[in-house]
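Trainee: First, the structure itself, so that you have it in front of you.
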Amino acid sequence: MNMTTSTGKLPGHPFLHRRGQQLMLEEVPLADLAARWGTPLFVYSKASMLAALAAYQRGLAGRKAQICYAMKANSSLAVLQLFARAGCGFDIVSGGELERVLAAGGDPAKVIFSGVGKTRAEMAQALRAGIGCFNVESESELDVLHRVASELGRIAPVSLRVNPNVDAKTHPYISTGLKDNKFGIAHENALAAYRHAASLSGLRVVGIDCHIGSQITDSAPYLDTIDRILDLVEEIEKAGIAIAHIDLGGGLGISYNGEAPPAADDLWSALLARFDARGHGGRQFMIEPGRSLVGNAGVCLTEVLYLKPGEEKNFCIVDAAMNDLPRPAMYEAFHQIVAVCENPGPGTLYDVVGPVCESGDWLGRQRLLHVAPGELLAVLSAGAYCMSMASNYNTRGRPAEVLVDGSQVHLIREREDARDQMRSERLV
């Protein structure tokens, strides 16, 4: 199935192209990487990640702004190192993620700690590291953080995550801005929560935060959110509580199957125009992009093991599985799947499935492919929420990871084996 343009590029993937029949990432044949390191194999484009980041930087040029990469999308150390060197801060959701930021050379002062269930130990760890801000999600969390900070003789900088009750029109599992979501403080309760935070000596109010969901492909939900947040900022500051920064979170989508989300620079031009119109254009802005920086930078290479024809469906059985690429099983998510080496001639419709003993172990349904056992497929848009959510189900080792930089190739994670998985276990 030929999905390339006349220039050999794959739509939506400017650094993925064909040279003849071979699929290339930047200047590297993907088949060569699979031959060297085996499959399944995750491969990322450095140029793609930096180009995605540059769009945000253009959109925020001339403003007081800090981009904090939402590292839950892909927390591999070399990816974090890349963004740290490019000037990014980090949005974390666990103490383990903070350890990764520090190991990758990130600046703790540019770290924002989000999440609804921070433990006392994680709070203490973050305070000792000197992080930039805690995004607090409940009044009870305010009280606990105040006590932890006071015990350590520190003052915790806090921003309250407000739930604006805006529908981002995305999958219910990744919607975070509605009243029935677990995230944030209800918009109508926010002023009281800010007054409470300001009364606690262990806390210092520094901002306001919101995040309405993920894989958002329309600018309208963001614009609705801005108006609701600015209404609240004005109300809070009238009560005598200064708001130093406004954090609009992340959530901008990518193209998995022809979606057309706004470009990051276009989106921020529109958002900043709304801030300017309301007299708030000079404020400090924080944003937390994740998927939109790394999603289309990655592919997962997998080998075809067997072709299994059936009465109702044909199955293409590959060596990648739901433990490597959880998104289809979790969200019924779509990823394009293409042959690494194109074969001429008509294809056959296959369900592309993995070897894990679960009916939910599928990567794509009804895909037109012309492949044979031993050939390679590439699962596209695999840079976000794939390796970071991978598991060892069925005692399968997590794949190796490779970073491509032009014609250079770097192994950034070795493939796990069973000994790696069992290293911390003990027989009785």
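Trainee: Could you look through region 80-99, keep only residues that are among the charged types (D, E, K, R) and either in the same structural domain as residue 186 (by TED's automatic domain parsing) or surrounded by fewer than 17 Cβ atoms within 10 Å (Cβ to Cβ) (or both), and pick out the one that is nearest to residue 295 (Cα to Cα)?
Mentor: Of everything passing the filter in region 80-99, 85 is nearest to residue 295 (Cα to Cα).
Trainee: Give me the pairs, please: first residue somewhere in region 299-313 and among the β-branched types (Val, Ile, Thr), second residue anywhere and loosely packed, with under 13 Cβ neighbours inside 10 Å, beta-carbon distance under 8 Å, and either six or more positions apart or on two chains.
Mentor: Correct list of pairs: 304/372; 304/373; 304/374.
Yes/no per residue for (1) in contact with a strand residue (DSSP E or B) (Cβ under 7 Å, 6 or more places away or on another chain); (2) over 30 Å from residue 36 (Cβ atoms); (3) at pLDDT 95 or above:
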{"site": "256", "(1), (2), (3)": "no, no, no"}
{"site": "263", "(1), (2), (3)": "no, yes, no"}
{"site": "291", "(1), (2), (3)": "no, no, yes"}
{"site": "303", "(1), (2), (3)": "yes, no, yes"}
{"site": "319", "(1), (2), (3)": "yes, no, yes"}
{"site": "334", "(1), (2), (3)": "no, no, yes"}
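Trainee: Out of everything in region 398-428 that is under 19 Å from the mean Cα position of the chain (by Cα) and in a loop (DSSP other than H, G, I, E, B), what residue ends up being nearest to residue 25 (Cα to Cα)?
Mentor: Step by step, filter region 398-428, then rank; the result is 399.
Trainee: Also, I was wondering about something else. Among the residues of region 210-227, write down those that are in contact with a helix residue (DSSP H, G or I) (Cβ under 7 Å, 6 or more places away or on another chain) and either over 15 Å from residue 187 (Cα atoms) or surrounded by fewer than 17 Cβ atoms within 10 Å (Cβ to Cβ) (or both).
Mentor: Within region 210-227, 213, 214, 215, 219, 222, 223 meet the criteria.
Trainee: Answer yes if at least one residue in region 78-100 is touching a Pro at 6+ places or on another chain (Cβ under 6 Å) and in contact (Cβ under 8 Å) with a residue 40 or more places away in the chain, and no otherwise.
Mentor: No, there is no match, as no residue in region 78-100 is touching a Pro at 6+ places or on another chain (Cβ under 6 Å) and in contact (Cβ under 8 Å) with a residue 40 or more places away in the chain.
Trainee: Oh, and also: Residue under question is residue 375, and the condition is that it be within 27 Å of residue 9 (Cβ to Cβ), among the charged types (D, E, K, R), in contact (Cβ under 8 Å) with a residue 40 or more places away in the chain and touching a Cys at 6+ places or on another chain (Cβ under 8 Å); does it hold?
Mentor: Spelling it out, residue 375 is indeed within 27 Å of residue 9 (Cβ to Cβ), among the charged types (D, E, K, R), in contact (Cβ under 8 Å) with a residue 40 or more places away in the chain and touching a Cys at 6+ places or on another chain (Cβ under 8 Å).
Trainee: Just to be sure, is residue 115 assigned to a loop (DSSP other than H, G, I, E, B), under 26 Å from residue 183 (Cβ atoms) and touching an Asp or Glu at 6+ places or on another chain (Cβ under 9 Å)?
Mentor: So residue 115 fits the description; yes.
Trainee: Could you list, in sequence order, all residues of region 211-248 that are at pLDDT below 90 and under 26 Å from residue 154 (Cβ atoms)?
Mentor: 211, the sole residue that qualifies.
Trainee: Another question about this same structure. Of all residues in region 133-156, count the ones that are out of contact with any Gly (no Cβ under 7 Å at 6 or more places or on another chain) and in contact (Cβ under 8 Å) with a residue 60 or more places away in the chain.
Mentor: 3
Trainee: Also: Filter region 119-133 for residues that are assigned to a loop (DSSP other than H, G, I, E, B) and under 17 Å from residue 205 (Cβ atoms) and give the result.
Mentor: If the condition is that a residue be assigned to a loop (DSSP other than H, G, I, E, B) and under 17 Å from residue 205 (Cβ atoms), then 131, 132 are the ones that fit.
Trainee: Filter region 65-88 down to residues that are under 14 Å from the mean Cα position of the chain (by Cα) and of a type outside the set (A, V, I, L, M), then give me how many there are.
Mentor: 7
Trainee: If the requirement is being within 20 Å of residue 18 (Cα to Cα), buried (at least 19 other Cβ atoms within 10 Å of the Cβ), in contact with a strand residue (DSSP E or B) (Cβ under 8 Å, 6 or more places away or on another chain) and at pLDDT 95 or above, which of these qualifies: 340, 353?
Mentor: That would be 340, the only listed residue that is within 20 Å of residue 18 (Cα to Cα), buried (at least 19 other Cβ atoms within 10 Å of the Cβ), in contact with a strand residue (DSSP E or B) (Cβ under 8 Å, 6 or more places away or on another chain) and at pLDDT 95 or above.
Trainee: Still on this structure, please answer the following. Quick check on my filter: what residues within region 236-252 are surrounded by 17 or more Cβ atoms within 10 Å (Cβ to Cβ) and either assigned to a helix (DSSP H, G or I) or not assigned by TED's automatic domain parsing to the domain that holds residue 194 (or both)?
Mentor: Residue satisfying the conditions is 236 alone.
Trainee: What's the number of the only condition in (1) surrounded by fewer than 18 Cβ atoms within 10 Å (Cβ to Cβ); (2) touching a helix residue (DSSP H, G or I) at 6+ places or on another chain (Cβ under 8 Å) that residue 332 fails to meet?
Mentor: Only one criterion is unmet by residue 332, namely (2).
Trainee: Out of 50, 16, 77, 102, which single residue is under 23 Å from residue 260 (Cβ atoms), surrounded by fewer than 24 Cβ atoms within 10 Å (Cβ to Cβ) and not assigned by TED's automatic domain parsing to the domain that holds residue 247?
Mentor: 50
Trainee: Okay, moving on. Right, residue 69: of a type in the set (Ser, Thr, Tyr), touching a Gly at 6+ places or on another chain (Cβ under 8 Å) and not assigned by TED's automatic domain parsing to the domain that holds residue 390 or not?
Mentor: So residue 69 fits the description; yes.
Trainee: From (1) touching a residue at least 24 places away in the same chain (Cβ under 8 Å); (2) farther than 30 Å from residue 350 by Cα, pick out the condition that doesn't hold for residue 416.
Mentor: (2)
Trainee: Please indicate, with yes or no, whether at least one residue in region 244-263 is of a type outside the set (A, V, I, L, M, F, W, C) and over 26 Å from the mean Cα position of the chain (by Cα).
Mentor: no
Trainee: Failed condition for residue 157, given (1) surrounded by fewer than 18 Cβ atoms within 10 Å (Cβ to Cβ); (2) modelled with pLDDT of 90 or more, with all others met?
Mentor: (1)
The values are calculated or read from the model by the stated rules, or taken from the named source; none is laboratory data. This structure is a prediction, so every number in the text was calculated from the model and none was measured. Please note: Cβ atoms are built from the backbone with ideal geometry, for glycine as well, and neighbour counts cover all protein chains shown.
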